[in-house]
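Here's the structure we're looking at; comments come further down.
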Amino acid sequence: MADLKTITDTLIAGDDEALVNHVKAALDQGMEAGVILSDGLIAGMDVVGGRMETGEMFIPEVLMSAMAMGTAVEILKPLLSEDDNASVGKVVIGTVKGDLHDIGKNLVVMMMESAGFEVTDLGVDVEIDTFLNEIREKQPDIVGLSALLTTTMPMMKSTVEQITASGLRDGVKIMVGGAPVDQAFADEIGADAYAADAGSASKLAKAMLA
């Protein structure tokens, strides 16, 4: 007998093989795919995000949970209705021009997707114009800017300034993150939010759009 608590606990443990078996068993028992997704899987990733914030879970464990989530979602996708598939919101994210670091950003992308966001990942060394074009095309709710080098922090500031100068600022929330970045810097450059890690990023994103 597969129940939602078992699915959630198995996801948190990062056991993808067992998770797939539990999800299939739940479907066989007549549980709706949307309920498994929201109340089993997304609920589990919310716990993972919280534990990452408090230091109870570390990056390798979080990655295992996120990858298990991805595997389980693939099983559910064909069975989800349009309502179930409706994203929580749209996010465009990238590491700013001059910076080639992406491990933290990639983890944020995984956590955001696991939380139900539709994410466009622009990768690393992203030109300001690329951010502007993607904002115009995708019309995201949130733009995420990442930087790991102190030398690229000014590029984060320039990107925010250009988003504002292009008349796109009112339509999006801007979230920043990365090792050298803090709340004071986020306030200084006019960002809406600062996330210290991937767990808090997905929670913040949900709160901003609530």
Some residue of region 16-32 being buried (at least 17 other Cβ atoms within 10 Å of the Cβ), within 26 Å of GLY144 (Cβ to Cβ) and modelled with pLDDT of 95 or more: no
Single residue of region 70-105 satisfying the filter (of a type in the set (A, V, I, L, M) and assigned to a strand (DSSP E or B)) that is farthest from the chain's Cα centre (by Cα): VAL96
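LEU27: in a helix (DSSP H, G or I), within 28 Å of VAL172 (Cβ to Cβ) and out of contact with any Cys (no Cβ under 7 Å at 6 or more places or on another chain), yes or no?
In short, no.
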Flag if ALA201 is buried (at least 20 other Cβ atoms within 10 Å of the Cβ), closer than 30 Å to ASP39 by Cβ and not assigned by TED's automatic domain parsing to the domain that holds PHE58: yes
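Would you kindly identify the helices (runs of 4 or more DSSP H) lying entirely within region 106-210 that contain at least 3 residues that are closer than 25 Å to ASP46 by Cα and either of a type outside the set (A, V, I, L, M) or out of contact with any Asp or Glu (no Cβ under 9 Å at 6 or more places or on another chain) (or both)? First the steps, then the outcome.
Numbers: elements: 128-138, 153-165, 183-189, 198-209.
Qualifying helices (runs of 4 or more DSSP H): 198-209.
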Residue match in region 163-185 (condition: in contact with a Leu (Cβ under 6 Å, 6 or more places away or on another chain) and acidic (Asp, Glu)): no
Complete set of residues in region 33-49 that are surrounded by 15 or more Cβ atoms within 10 Å (Cβ to Cβ) and in contact (Cβ under 8 Å) with a residue 40 or more places away in the chain: ALA33, GLY34, ILE36, LEU37, LEU41, ILE42, MET45, ASP46, VAL48, GLY49
Subset of region 51-72 (residues that are exposed (fewer than 13 other Cβ atoms within 10 Å of the Cβ) and β-branched (Val, Ile, Thr)): THR54
Residues within region 156-190 that are more than 19 Å from ASP99 (Cα to Cα), of a type in the set (Gly, Ala, Ser) and touching a residue at least 12 places away in the same chain (Cβ under 8 Å), tallied: 3
Which numbered condition ALA2 misses (of (1) under 21 Å from LYS203 (Cα atoms); (2) at pLDDT below 95; (3) crowded, with 17+ Cβ neighbours inside 10 Å): (1)
Qualifying positions in region 153-169 - surrounded by fewer than 22 Cβ atoms within 10 Å (Cβ to Cβ) and of a type in the set (S, T, N, Q): SER158, GLN162, THR164, SER166
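The values are calculated or read from the model by the stated rules, or taken from the named source; none is laboratory data. In this text the structure is predicted, and so the values were computed from the model without any measurement. Heads up, the Cβs are rebuilt from the backbone with ideal geometry, glycines too, and the neighbour counts pull from every protein chain shown.
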